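Peer 1: The structure is given below, and queries will be raised subsequently.
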Ligand SMILES: [Zn+2]
């Protein structure tokens, strides 16, 4: 593994949903202003599917979809916390909620994303 990368653990409040992933030790996060991210104060860390491993049973996860249905919002069926999900912006990656990571990586930068105007703003975060 890349020496600048480390393994991290994340999950929901009740720990029924747990996952591990590898990531750089200093990361860029995305803060989105859309009507689903803003109320949750969700801080996005984009992690390629290949660097992510779900440790718990998929049966503990509830999926919520709306609009184009390209995003899959995952919630713990028990405690309701959204610790990661499949974003519409990065179809080959998951977005992990930075606030759901145990001993999280350091923050290099927080990029503001105008998710309320998704199509217009997509280029701002495409290559993160
Ligand atoms: Zn839970």
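Peer 1: Answer yes if at least one residue in the stretch 23-34 is within 16 Å of the ligand (Cβ to nearest atom) and either closer than 30 Å to residue 120 by Cβ or touching a strand residue (DSSP E or B) at 6+ places or on another chain (Cβ under 7 Å) (or both), and no otherwise.
Peer 2: Looking for residues that are within 16 Å of the ligand (Cβ to nearest atom) and either closer than 30 Å to residue 120 by Cβ or touching a strand residue (DSSP E or B) at 6+ places or on another chain (Cβ under 7 Å) (or both), one finds none in the stretch 23-34, hence no.
Peer 1: In this structure, is residue 19 touching a residue at least 60 places away in the same chain (Cβ under 8 Å) and either in contact with a helix residue (DSSP H, G or I) (Cβ under 7 Å, 6 or more places away or on another chain) or crowded, with 19+ Cβ neighbours inside 10 Å (or both)?
Peer 2: yes
Peer 1: OK, next. Could you check residue 32 against (1) out of contact with any helix residue (DSSP H, G or I) (no Cβ under 6 Å at 6 or more places or on another chain); (2) surrounded by 14 or more Cβ atoms within 10 Å (Cβ to Cβ); (3) within 16 Å of residue 128 (Cβ to Cβ) and say which number it fails?
Peer 2: Residue 32 satisfies every listed condition except (1).
Peer 1: Do you know which residues across the stretch 66-82 are more than 8 Å from the ligand (Cβ to nearest atom) and either surrounded by 12 or more Cβ atoms within 10 Å (Cβ to Cβ) or within 10 Å of the chain's Cα centre (by Cα) (or both)?
Peer 2: 71, 72, 73, 74, 75, 82
Peer 1: Criterion first (at negative phi, touching a residue at least 24 places away in the same chain (Cβ under 8 Å) and part of a helix (DSSP H, G or I)) does residue 117 satisfy it?
Peer 2: It is false that residue 117 is at negative phi, touching a residue at least 24 places away in the same chain (Cβ under 8 Å) and part of a helix (DSSP H, G or I).
Just so you know, all these numbers are worked out from the coordinates, no wet-lab data involved. Nothing here was measured: the structure is a model prediction, and the numbers come from that model. Here Cβ is always computed from backbone atoms with ideal geometry, including for glycine, and neighbour counts include all displayed protein chains.
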